[in-house]
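Notes for the one structure printed next.
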């Protein structure tokens, strides 16, 4: 089987395809990690890193299953450990898993655990902890955002204390990628169950010293962390600063060392400061306007098409992202994804065609509310206001409802009929489609159900022929574009600012914000 016939690639052909082809042939692959340092400075330990985060809510908890924002993603990747991880080059490697292999049909995966790993409370890691963690997300009562993905697991059992065997309902060549999700942190179990998922006890490079939801968290280095050459800071402080100007002012004043989500209007000005570095990282980050398809008028696809045609995405990309991104086409697969359907025509601004679809829906005009907050993304409110003006030419009156940042993800997103949202994207097509678009998924923000789409999702997951899988994912992108419930106007870059006192590898990951969420492992004080 050639490298091109299995696996997924995040932006290019790389080691992951080799990993996939060898794994699917039944061979076992050691997955040793390296720190991948290519920076001129030599990493050294010490210091207290201070992060100014654009996100964070008073409803946040340390339960990985329900984490919903970048602040909590950073907390999870800093304090927890996972079976696998995506490195800064986009390769899938082992984390708690020393190696993993698959049977030829990719319906059974065997993971060998590292020996000598301890949780922060001193409990040794065993296969029982992995099984209890997965089962916690699979509970019928589970509110986990990855419940839809783990529901494809038919059974998880141990062969011995260091070996976990996953039996899937169907083959899944990309299954190991899922186990790197920040929600799937392996937690310590008691009696075969996770008894306190919000205790903040993990096996990551840092432990939780304090946690004040929506305000502040402090971390300290885990001296017993099992991987060498990572985790250089002694301590860290994450502070929620939702206002973009205040976040940048804190960095300029030396009150923080790192700030995420730079206000793009001031990025060039900030980059002129000799003490600050701007990181502009392309990836699969994209911005969405999810319509609840289970609520009128968004249950009518002609209404949804009218709204997709009534937005001038080129103007919004230019004025809101200021060139830090590319056009979206109303589906969530980005250019770096392996199966991006470049052949799909780009949807353009067409007020007359929008009017046509309104008439097909039996409407001469349309009035709708759009809930907006910069909690969704920097410039979300500005984008909504631009959209309001653009849509008016199609007889659509968009009432922009400015929502408070605090509690946005718990009180507005997936609650209000139409809102602003964002996705960091996922390394594989199956992952993003399953998590955000499959029927019944906890994070299916449009509450969309499409029989053909869900059939293709199941079939593509187990299809090992690369050509056939490409055709399936291409059709799924078309269905999302033409029948889905989300307006997806643009893909954006991860734009961060940091003090030049911070050292980092030359290559920065783009699969999540903040170096794939691994900045606490990979960065240091220069």
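None of the figures in this text is laboratory data; all of them are computed from the coordinates on show. Keep in mind that this is a model prediction, so the values were computed, not measured. Reconstructed Cβ throughout: ideal geometry from the backbone, glycine too, with neighbour counts over all protein chains shown.
In what sequence, highest mean first, do 471-481, 512-522, 119-129 appear when ranked by Cβ atoms within 10 angstrom?
By packing density, highest mean first, the sequence is 512-522, 471-481, 119-129.
Mind jotting down a quarter of the surface of the convex hull over the alpha carbons of region 286-492, in square nanometres, one decimal?
10.6
Would you please put 337-346, 76-85, 490-499, 149-158 in order of how densely packed they are, using the mean number of other Cβ atoms within 10 angstrom per residue and starting with the highest?
Highest to lowest by the protection proxy: 76-85, 490-499, 149-158, 337-346.
Sort 226, 437 by Cβ crowding within 10 Å, fewest neighbours at the top.
226, 437
Can you give the helix-only mean residue ellipticity at 222 nm for the chain, where every DSSP H stretch with n ≥ 4 adds -39500 (n - 2.57) and the sum goes over all residues, rounded to the nearest 500 deg cm²/dmol?
-7000 deg cm²/dmol
Could you list, bin by bin from short to long, the percent of Cα-Cα pairs of region 231-350 in 5 Å steps?
Values per bin, smallest distances first: 2, 8, 14, 15, 15, 13, 12, 9, 6, 3, 1, 0.
Give the order of 524, 423 when sorted by the count of other beta carbons within 10 angstrom, beginning with the fewest.
423, 524
With no solvent and one equal point scatterer per Cα, compute the Debye intensity ratio I(q)/I(0) for region 111-257 at 0.09, 0.12, 0.20, 0.21 Å⁻¹ and report its log10, rounded to two decimals.
Taking Cα atoms of region 111-257 as identical point scatterers yields -0.37, -0.63, -1.28, -1.35.
Counting every Cα pair in region 386-501, what percent are over 18 Å apart?
63
Between residue 157 and residue 415, what FRET efficiency follows from the Cβ-Cβ distance if R0 is 30 Å, with the result rounded to 0.05?
Computed FRET efficiency for residue 157 and residue 415: 0.20.
Report the extension gain between residue 59 and residue 272 in nm, rounded to one decimal, defined as 0.36 nm multiplied by the number of residues separating them, less their alpha carbon distance.
73.0 nm
When N is the residue count of region 54-175, what does its C-alpha Rg come to as a fraction of 2.2 N^0.38 Å?
After normalising by residue count via 2.2 N^0.38 Å, the value is 1.11.
At 25 °C and 0.890 mPa s, what whole-number value in µm²/s does Stokes-Einstein give for the translational diffusion of the chain, with Rh from the Kirkwood sum over Cα pairs?
It diffuses with D of about 104 µm²/s by this estimate.
Please list, short to long, the whole-number percent of alpha-carbon pairs of region 280-341 in consecutive 10 angstrom bins beginning at zero.
19, 43, 31, 7
Report for region 286-492 the percent antiparallel among DSSP-assigned beta bridges with both residues inside it, nearest 5.
60
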